[in-house]
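See structure below.
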Amino acid sequence: MDQVEAVFREERGRLLAALARRFGDLDLAEEVTSEAIEAALVRWPVDGVPPNPGGWLMTTARRKAVDRLRRDQAYAAKLAILQVDADRAEGPRPGGGLPDERLELFFTCAHPALAPEDRGALTLRCLAGLSTPEVARAFLVPVATMAKRIVRAKARIRDARIPFRVPDADELPARLPGVLQVIYSVFTEGYAASSGPYLQRTDLAEEAIRLARILHGLLPGEREVTGLLALMLLVHARCAARTGPDGDVVLLEDQNRARWDADLITEGRALVVSALTGGPAGPYAVQAAIAAVHDEAPDFVSTDWPQIVALYDVLLTIDPSPVIALNRAAAVAFRDGPETGLALLDSLAAEPRLRDYHPYALARADLLHRLNRLPEARAAYEQALGTAGSDPERTHIHRRLAALTSEDN
Amino acid sequence: MKYLLLINAGELDPSGGAVGCEPEDWMRFDKEITEAGVVVASESLADLVTATRVQVANDGSRTVTDGPFAETREVLGGFYVIDVPDLDVALDWAAKCPGSRAGGSVVVRPIADFAGA
């Protein structure tokens, strides 16, 4: 059953998107999408798979939607559906396939009128085809809480009439970053879990990559979509080497690079090239380029730090943020030595966004440690410990503290 | 679908007017939105600071106080009710409205439709 469900996962997103657009209501679209898939699971093993499975699902789902709206006139009026009969008369599509309206759904799920925390949940639910319990697990919240959030988000779409549409070319530059942000935030939670027993949650990272692949297929010419996909592939390629046998943190400098996924790196590098070609580079493309430079180094010491610092300089001009400045300072420390890096880090001390951001305290601790300023290093490690997220990150800091203590004696 | 556009002034000048809003901008905007045929109603408040709040307690006693401005930085200056196909169109009109500039904001809220009930 699970395998059959998996086959339907991709189809479910397409079906849902087409129905949501037609009826303007995600609830109705979800309901009849599920019913159509259930019907297929019952009928196809008996009657055989129809020659046009997508068309069969669509016709079945639409018929169920029309029935539902006939039964419930008040609901129909609320949705202001005027074209039900015309819709039924519409013939099959020439290609026989489903229309792909998932791009519309991406923009609806990431609409700025929705609460930021609901956008990712809705995108995972509608476009990655995750069930509500799976989405709840993804965000580490109870199922009931997630169910409530999804209901709230769908009600918001219906009540405020957030449209199912792709923004016009002139609005696209303002709206696309919101969609990319939703996908990237799913990925970053997968890359470094904000809490819990695991450092990384590869299932989430893979869902984000899957979403980016779908989006890249729908918008092949949008270079930041390409850049985001490249970035995630090039970072995710290191996933097997980032944790030790006990799930503990393995830093980039200690990773066994033979365990990096060469196929993902090859694919990511090709995508970076097209993301950087044909105009000014966007922030995802530049971050992907940085990831590519790391991936291309045969070992840590031969990393091209001048190149990485130069890319961070570009990134700081197009997308300035204290976190980027922190990463640049760390790269400078490897290029010019810990003292220079530390001076840069200290110049960021007043940034409110870095105050509770444990990578900042950890980066300072590391440089102070290397400069043999042990009491200050200890204080910085302890500060990092106060804000670190997942258990393996905390264990890692405890180990560094222990190492420092043994050096001190 | 009807939406209420609540126009809030960001900053007040010493005479109680909104900072950075030119009458010509408002006239141009009002002409454009009216000619688009989407306006259901619109009013501009007489001034930004005169307001009287009325509350009736459980015992029926009435309390009348001077405006609600002490705790809020943004003050309501006027509104439009527009009838447009969806939220994105309403947001576009809000963005065109001069009230959304110079520290002001336009809050867009959907209006209930009881026609189908």
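The values are calculated or read from the model by the stated rules, or taken from the named source; none is laboratory data. None of these values were measured; they are calculated from a predicted model. Every residue, glycine among them, receives a Cβ derived from its backbone with ideal geometry; neighbour counts consider all protein chains shown. For accessibility, only protein heavy atoms count, side chains too; no ligands or nucleic acids. Shrake-Rupley method; radii C 1.70, N 1.55, O 1.52, S 1.80 Å.
Selection of segment A:148-188 for residues being over 30 Å from residue A:77 (Cα atoms) and without any contact (Cβ under 8 Å) to a residue 60 or more places away in the chain yields A:169, A:170, A:171, A:172, A:173, A:174, A:176, A:177, A:187, A:188. If you go through segment A:378-391 one residue at a time, do you hit one that is assigned to a helix (DSSP H, G or I), under 25 Å from the mean Cα position of the chain (by Cα) and surrounded by 13 or more Cβ atoms within 10 Å (Cβ to Cβ)? Checked segment A:378-391: at least one residue is assigned to a helix (DSSP H, G or I), under 25 Å from the mean Cα position of the chain (by Cα) and surrounded by 13 or more Cβ atoms within 10 Å (Cβ to Cβ). Taken over segment A:38-75, residues that are within 14 Å of chain B (Cβ to nearest Cβ), part of a helix (DSSP H, G or I) and more than 35 Å from the chain's Cα centre (by Cα) amount to 3.
Residues that are touching a Leu at 6+ places or on another chain (Cβ under 7 Å) and small (Gly, Ala, Ser) were ranked within segment A:137-170; the one that is nearest to the other protein chains (Cβ to nearest Cβ) is A:160. Applying a threshold of 6 Å to beta carbon distances and a minimum spacing of six or more residues, or different chains, the list of pairs starting in segment A:245-264 at a residue that is within 20 Å of residue A:193 (Cβ to Cβ) and ending at one that is charged (D, E, K, R) reads A:250/A:242.
So that you can scan it fast, the table gives a plain yes or no per residue for (1) under 20 Å from the mean Cα position of the chain (by Cα); (2) buried (at least 20 other Cβ atoms within 10 Å of the Cβ); (3) outside the structural domain of residue A:240 (by TED's automatic domain parsing); (4) not in a helix (DSSP H, G or I):
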site	(1), (2), (3), (4)
A:269	yes, no, no, no
A:272	yes, yes, no, no
A:284	yes, yes, no, no
A:289	yes, yes, no, no
A:316	no, no, no, no
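If you go through segment B:91-105 and keep only what is over 17 Å from residue B:35 (Cβ atoms) and at the interface with chain A (Cβ under 9 Å from one of its Cβ atoms), you end up with just B:91.
When A:353, A:328 are checked against the criterion of being of a type outside the set (A, V, I, L, M, F, W, C) and modelled with pLDDT of 95 or more, A:328 stands alone in meeting it.
Residue count for segment B:37-57, restricted to those that are among the small types (Gly, Ala, Ser) and open to solvent by 70 Å² or more (accessible area, probe 1.4 Å): 2. Among the residues of segment A:137-147, is any farther than 24 Å from residue B:108 by Cβ, touching a residue at least 40 places away in the same chain (Cβ under 8 Å) and open to solvent by less than 20 Å² (accessible area, probe 1.4 Å)? Yes, there is a match, as at least one residue in segment A:137-147 is farther than 24 Å from residue B:108 by Cβ, touching a residue at least 40 places away in the same chain (Cβ under 8 Å) and open to solvent by less than 20 Å² (accessible area, probe 1.4 Å). Answer with yes or no whether residue A:293 is among the β-branched types (Val, Ile, Thr) and open to solvent by 30 Å² or more (accessible area, probe 1.4 Å). Answer is no for this residue.
For segment A:349-377, a residue qualifies if it is of a type in the set (Lys, Arg) and open to solvent by less than 70 Å² (accessible area, probe 1.4 Å), and exactly one does: A:364.
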